[in-house]
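We did not get these values from a lab; they are worked out from the coordinates using the rules stated. What you see is a predicted model; the values in this text were computed from it and never measured. Glycine gets a Cβ as well: all are built from the backbone with ideal geometry, and neighbour counts include every protein chain shown.
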Amino acid sequence: MSTEAHAEHLVGTDWEGGALPYRVGHKKLGMWLFIVSDALTFTALLMGYSYVRASSEQWPEPFHFYPSIIFSTVMTLCLLASSFTMVMAVKASARKDRQGTRRWILATMLGGLLFLGLHITEWKHLIDEGLTPKTLPAEWLREWPNATYLFGSTFFAITGLHMFHVLTGVIYLGVIALRVRRMSHEDVEIGGLYWHFVDLVWMFVFPMIYLLSVFRGK
Amino acid sequence: MSRLVDSIRNLSQKEDVIINAICLVMALLFFGLAAGNLKWAGDFLTTDALFVVVVFGMLGTVLLISPVLWLYKHGYFAKLVGSHIDTEPVEMVPVHFEGTTKLFLSILGWLLGLTLIEVLLAYKQVPIVLMLTILIGLSLIKAALIIAYFMHLKFERLSLVLSLIPALVICICLFFIFFPDSARSKNYRYGATPATEQGQKAEP
């Protein structure tokens with residue numbers, strides 16, 4: 001606090017590098033910078049996926065509308081709903097309503113855990129069918145004989161990294177909910193920023209991995 | 001003490017002039033390269049030529065932002081715009097924003113609606129290139145809604161938006177430099193069939 005006041009005295013206006021040129025705290029700015037860099041990580045992965053898909057002779061399109069696409073749509077709805085409850089948690093913390101904040105954050109975590117549970121169920125089904133990062137199921141190879149195993153590699157890499165982010169987010173929100181008394185409004189808001197980012201990434205992963213691989217009947 | 005403050009202020013003003021001059025020179029350089037490419041590329045409507053023009057144009061524009069803002073701040077555009085800029089120190093308090101539940105519910109409704117449209121496209125089995133275009137467009141709208149309202153970047157200061165978003169967009173655009181290769185690389189593979197036979201072979 002004292003350093004801020006001193007800096008403010010030393011440099012007057014924004015243009016001379018005011019104390020808070022963005023009018024946000026340093027923690028929030030740090031989270032924003034992390035989000036930008038992490039967005040580039042996911043962009044790189046999705047671009048790599050698009051590249052290998054465009055340069056492959058054949059690409060499997062194995063997701064039947066029912067049940068696979070419906071299943072992943074439910075997962076999307078879980079994440080969207082949890083994003084909304086997170087907004088409500090931030091709103092409650094602005095009113096200094098600690099109990100409400102905790103309850104909304106727990107609802108958010110529930111949405112995240114539901115997403116994780118559904119996602120792991122889906123992974124298990126695909127792995128049981130014979131999809132791994134290095135192999136395609138024999139049944140798929142009959143349907144798409146020239147397809148490469150890159151489908152499995154990209155699928156597990158991208159959804160796996162996203163799943164890891166969701167898991168991290170659930171733990172992060174858990175810590176905030178546990179120590180909600182010591183958390184300032186801005187701390188809750190920063191947790192919310194991270195959670196919305198996880199949601200945001202899924203908004204690109206879902207169409208590009210699932211919807212574009214919907215099974216097209218012969 | 002006041003002399004120290006004054007000298008620091010003078011120094012920072014000199015620094016501003018130098019940095020803005022460098023930015024201006026580099027911006028002009030990039031615009032020059034973009035304009036030069038228009039002239040030298042020969043066939044202008046190719047992926048590579050368009051890419052170079054767009055990237056150089058964007059880099060030039062980004063480098064131009066700082067000098068233009070600086071000139072605006074120092075009143076060089078005052079006659080054009082006719083507004084007075086306050087140079088007095090302002091209070092440095094973080095911006096606080098609290099939206100209404102109704103606003104957030106309507107944003108959630110939009111997000112759900114757009115998601116359902118995307119799923120409907122998969123159900124209708126729209127041709128894949130058209131589907132990709134529509135999906136990316138809708139996803140960008142959804143991303144913008146989430147960033148603007150849920151992450152309430154719309155209600156932050158413009159300086160934060162300008163620091164975060166253009167850099168991200170430019171970096172993402174730079175990724176596209178790989179894409180012209182993805183279509184060509186099929187033909188470079190060992191044992192690959194020449195491009196002319198590719199289409200016939202893939203048909204049955």
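Numerical summary
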read-out: Some residue of segment A:151-170 being over 26 Å from B:Lys142 (Cα atoms), away from chain B (no Cβ under 13 Å), not in a helix (DSSP H, G or I) and not polar (S, T, N, Q); value: no
read-out: Residues of segment A:177-211 that turn out to be more than 18 Å from the chain's Cα centre (by Cα) and touching a residue at least 24 places away in the same chain (Cβ under 8 Å), as a count; value: 7
read-out: Some residue of segment A:150-161 being out of contact with any helix residue (DSSP H, G or I) (no Cβ under 9 Å at 6 or more places or on another chain) and farther than 25 Å from B:Leu145 by Cβ; value: no
read-out: Boolean, A:Ile171 is touching a helix residue (DSSP H, G or I) at 6+ places or on another chain (Cβ under 8 Å) and among the β-branched types (Val, Ile, Thr); value: no
read-out: Candidates B:Asn20, B:Asn37, filtered to the one that is of a type outside the set (Val, Ile, Thr) and in contact with a Pro (Cβ under 6 Å, 6 or more places away or on another chain); value: B:Asn20
read-out: Considering residues of segment A:32-49 that are touching a residue at least 40 places away in the same chain (Cβ under 8 Å), within 10 Å of another protein chain (Cβ to nearest Cβ) and within 21 Å of B:Glu156 (Cβ to Cβ) only, the residue surrounded by the fewest Cβ atoms within 10 Å (Cβ to Cβ); value: A:Ala39
read-out: Hey, B:Phe56 among the aromatic types (Phe, Trp, Tyr) and touching a residue at least 12 places away in the same chain (Cβ under 8 Å) or not; value: yes
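Residue by residue, here is whether (1) farther than 25 Å from B:Phe175 by Cβ; (2) hydrophobic (A, V, I, L, M, F, W, C) holds:
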| site | (1), (2) |
| --- | --- |
| B:Val25 | yes, yes |
| B:Phe31 | no, yes |
| B:Lys39 | yes, no |
| B:Gly42 | yes, no |
| B:Leu45 | no, yes |
| B:Ala49 | no, yes |
| B:Val54 | no, yes |
| B:Gly57 | no, no |
| B:Thr61 | no, no |
